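The values are calculated or read from the model by the stated rules, or taken from the named source; none is laboratory data. Here the structure is a predicted model, which is why all the values come from computation and not from measurement. All Cβ positions, glycine included, derive from the backbone under ideal geometry; neighbour counts span all protein chains shown. Protein only, heavy atoms only, side chains kept; ligands, DNA and RNA dropped before computing areas. Shrake-Rupley method; radii C 1.70, N 1.55, O 1.52, S 1.80 Å.
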Amino acid sequence: MVGRFAGAYLLNKFEPAKLLALNAVGAVVLVLISINTTGTVAMWSLLAVGLMNSLMYPTIFTLAVAGLGHHTEEGSGLLCTAIVGGALIPMLFGTIADHSSLRLALLLPVLCYAYIMWYGLRGSRRTATVSV
């Protein structure tokens, strides 16, 4: 809840796409800290990733459906269906951890957060389209 309330406040002060990218960078840094440390530092850095995550889904959803006009309902339905990645990524994470190590498996969320960072900086931008 702390992350959600802080995010709501910050979304009024900063551009959502940039704040999303900043949170993704924060998550990457925290996961990398966890990979490179042990004990309580590793534990607290992974727990702090939750603060970064608290802003991500609502911001991604809003950016994704912005400007869809009469296609908003369809876009929102597709976005909800696309959450299947939330079921596939943990399975892949577990497979990597089982076959190598937890530290190596933690690089998978780093890649996911890097993609979210890209989405915040570039992927969520609308390009001009010509209506026919």
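In the chain, the portion of solvent-accessible area held by carbon and sulfur atoms comes to 71 percent [1.4 Å probe, whole percent, DNA, RNA and ligands not counted].
Between LEU104 and LEU79, the FRET efficiency from the beta-carbon distance, with R0 = 25 Å, is close to 0.25. Comparing LEU104, LEU19, LEU51 in a Gaussian network model of the chain (Cα springs below 10 Å), the most mobile by mean-square fluctuation is LEU104. When the square roots of the Cα gyration tensor eigenvalues are ordered a ≥ b ≥ c, the ratio a/c for segment 52-98 is 1.5 or more and a/b does not exceed b/c, which makes its shape oblate. Net charge in the neighbourhood of LEU10 (other residues with Cβ under 12 Å of its Cβ; Lys, Arg +1, Asp, Glu -1) is +2.
Pairing the Cα long axis of helix 72-81 with the longest principal axis of the chain, what angle in degrees results, from 0 to 90 and rounded to the nearest 10? The angle comes out at about 20 degrees.
Once C-alpha pairs closer than 8 Å and six or more residues apart are averaged by separation and normalised to the residue number of the chain, the relative contact order reads 36 percent. In the chain, the longest principal axis of the Cα atoms and the axis of helix 85-99 are about 20 degrees apart. Annotation: per residue accessible area for segment 7-120 equals 61 Å², rounded to a whole number [probe 1.4 Å, protein chains only]. Dipole check for the chain: with +1 at the C-beta of Lys and Arg, -1 at the C-beta of Asp and Glu, and the Cα centre as origin, the magnitude is about 340 Debye. In the chain, helices alone account for a calculated mean residue ellipticity at 222 nm of -24000 deg cm²/dmol, with every DSSP H run of four or more residues adding -39,500 (n - 2.57).
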